[in-house]
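Here's the structure, in structure tokens; my notes come after.
The values are calculated or read from the model by the stated rules, or taken from the named source; none is laboratory data. For clarity, every value in this text was computed on a predicted model and none was experimentally measured. Because the Cβ atoms are built from the backbone with ideal geometry, glycine has one as well, and the counts that use them run over all protein chains shown. Accessible surface areas use protein heavy atoms only, side chains included; no ligands, DNA or RNA. Shrake-Rupley method; radii C 1.70, N 1.55, O 1.52, S 1.80 Å.
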Amino acid sequence: MTEAAASTGTAAWADALLASFAQAGYERAEPAILQPAEPFLDLSGEDIRKSLYLTTDASGEELCLRPDLTIPVARDYLASKRAGQVAGFSYLGPVFRYRGGLRSEFQQAGIESFGRQDRPAADAEMLALALEATGALGVKEVEIRTGDVALFNALIDALDLYPVWRRRLIKDFNRKVSLEQDLERLTLATSAGRNEYEGVLAALAGSDRKAALALVTDLVSIAGTAQVGGRTVAEIADRFLEQSTLKGGALPHNALGLIKRFLAISGDPDEAVAQLRALARDAKLDIATAIDQLEARIGFMAARGIDVSSLRFSTSFGRGLDYYTGFEFEVHAKGSGSEPLVAGGRYDGLTTRLGSATPIPAVGFAIWVEALTRIGRKPADSRSARTS
């Protein structure tokens with residue numbers, strides 16, 4: 001097939017996909033290509049931050065070529081008269097990321113849903129629509145990987161750890177760093193060495209972050225420091241607070257054991273629910289609400305015809321994006337390695353971080369068009385194969 005024919009086939013498939021999304025109630029969104037850089041620098045995962053194409057306008061505002069479409073669609077929704085109301089959007093357009101030897105400009109399609117309070121049902125709808133998209137291109141044999149960062153957050157909250165530990169562990173989880181390695185490091189005995197401000201560190205350990213951060217920020221500012229090694233005053237203060245807690249004592253071994261037991265749960269979603277309830281019962285952990293949400297989601301998935309037993313659920317699964325708050329998933333072609341065809345999840349906290357006065361439920365997914373069209377077979381190809 002020639003490049004022109006392939007392009008025509010992709011365009012026909014994309015039009016059909018957007019038409020199916022519109023029929024499902026998701027109207028077309030077309031955000032600007034040039035976006036404020038700050039939301040992506042603050043809210044995206046490390047991989048996206050490192051791949052941004054940045055520029056500055058005449059006023060000095062830092063801008064970037066959009067690296068994905070979730071944040072741009074959310075910003076446009078919040079700026080519209082429909083902000084806070086139930087609304088769903090679909091999109092197809094170019095995004096821009098530095099990807100080594102691969103093309104930096106590539107197509108992304110997807111859906112974003114805002115305002116629905118029936119979270120488990122909305123989550124299940126996202127996965128069902130994602131599977132319809134892969135099936136429409138002829139990719140029938142897929143692996144579905146799912147997780148739920150809300151379960152991990154609920155566990156860390158129930159363990160009643162120092163706030164700094166909580167932030168650090170959740171950051172590790174979201175960014176796909178070696179959480180296991182950091183867990184071990186946090187359980188090591190604190191250093192025997194002391195310094196002249198050890199008492200200040202001890203006093204700050206476990207304190208209210210907002211008040212302690214304000215204190216340390218003021219002290220650093222009084223010293224006349226604006227930046228050190230590229231870090232801002234706030235970043236320096238946050239790091240100081242983290243060290244104060246780490247010097248105040250090691251992560252309790254019983255907490256380490258429970259976290260490891262939690263992270264080992266994987267496999268069939270129904271079996272995972274049973275294991276999670278057993279963990280909560282044995283350790284007397286208040287994580288029932290998060291488990292109930294998972295169980296309800298599984299039920300809605302089954303009601304939509306998804307073979308739940310074929311899903312690969314793991315409590316340690318995460319997508320590496322800082323703004324996810326709940327359900328996360330990836331759809332892979334069987335045997336295709338780590339590159340997903342479709343990926344998405346729930347991000348209820350993003351709208352407030354983008355300026356909304358109240359939290360707005362949000363969930364969506366992105367389709368990696370080039371991966372899907374490379375692995376899948378276009379409808380036009382299928383017809384040619386049958387008539388040849």
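Hey, if we sort HIS332, HIS253 by accessible area with the 1.4 Å probe, largest down, what's the order? Show your work: numbers first, answer last.
Values: HIS332 0, HIS253 135 Å².
Largest accessible area first, the list is HIS253, HIS332.
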Using the basic label-point model (7 angstrom from Cα toward the beta carbon), what is the LYS260 to THR289 distance in nanometres?
3.0
So if I take the centroid of the Cα atoms in the range 24-47 and the same for the range 279-301, what is the distance between those two points in Å?
31
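Net charge near ALA274, counting Lys/Arg +1 and Asp/Glu -1 over other residues with Cβ under 15 Å of its Cβ? Please list the in-between numbers first.
Numbers: positive: ARG261, ARG277, ARG281; negative: ASP268, ASP270, GLU271, ASP282, ASP292, GLU295.
With Lys, Arg at +1 and Asp, Glu at -1, the net is -3.
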Links that overshoot a 21 Å alpha carbon limit, given the list LYS50/LYS171; LYS50/LYS260; LYS260/LYS334
LYS50/LYS260; LYS260/LYS334
Taking a point 7 angstrom from the Cα of SER104 along the C-beta vector, which residues in the range 48-79 have backbone N less than 12 Å away?
51-55, 65-66
Let's test the formula: R0 of 25 Å, r as the Cβ-Cβ distance of ALA32 and GLU370. What FRET efficiency results, to the nearest 0.05?
0.65
Between LEU41 and ALA14, what's the calculated FRET efficiency when r is the beta-carbon distance and R0 is 30 Å? Round to 0.05.
0.50
A 1.4 Å probe over the protein heavy atoms gives the range 6-71 a carbon and sulfur accessible-area percentage of 51
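Ranked by accessible surface with a 1.4 Å probe, highest first, in what order do TYR53, TYR77 come? Please list the in-between numbers first.
On the way: TYR53 80, TYR77 5 Å².
Of TYR53, TYR77, the descending order of accessible area is TYR53, TYR77.
Would you mind giving the average projected area, over all directions, of the Cα convex hull of the range 36-121 in nm² with one decimal?
Values: hull surface 29.0 nm².
The number I arrive at for the range 36-121 is 7.3 nm².
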Whole-Hz Karplus couplings 3J(HN,Hα) for the range 56-66, θ = phi - 60° and coefficients 6.51, -1.76, 1.60, Gly and Pro as x, run 9, 8, 5, 8, x, 6, 7, 10, 8, 6, 4
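Quick one: net charge of ALA37's neighbours, Cβ under 9 Å, K/R +1, D/E -1?
Numbers: positive: none; negative: GLU38, GLU61, GLU62.
Charge balance in the 9 Å sphere: -3.
Give, in nm to one decimal, the length gained when the segment between LYS50 and ALA296 is fully stretched (0.36 nm per residue of separation minus the Cα-Cα distance). Walk me through the intermediate numbers first.
Working: separation 246, 0.36 × 246 = 88.56 nm, distance 3.67 nm.
Gain on extension, LYS50 to ALA296, equals 84.9 nm.
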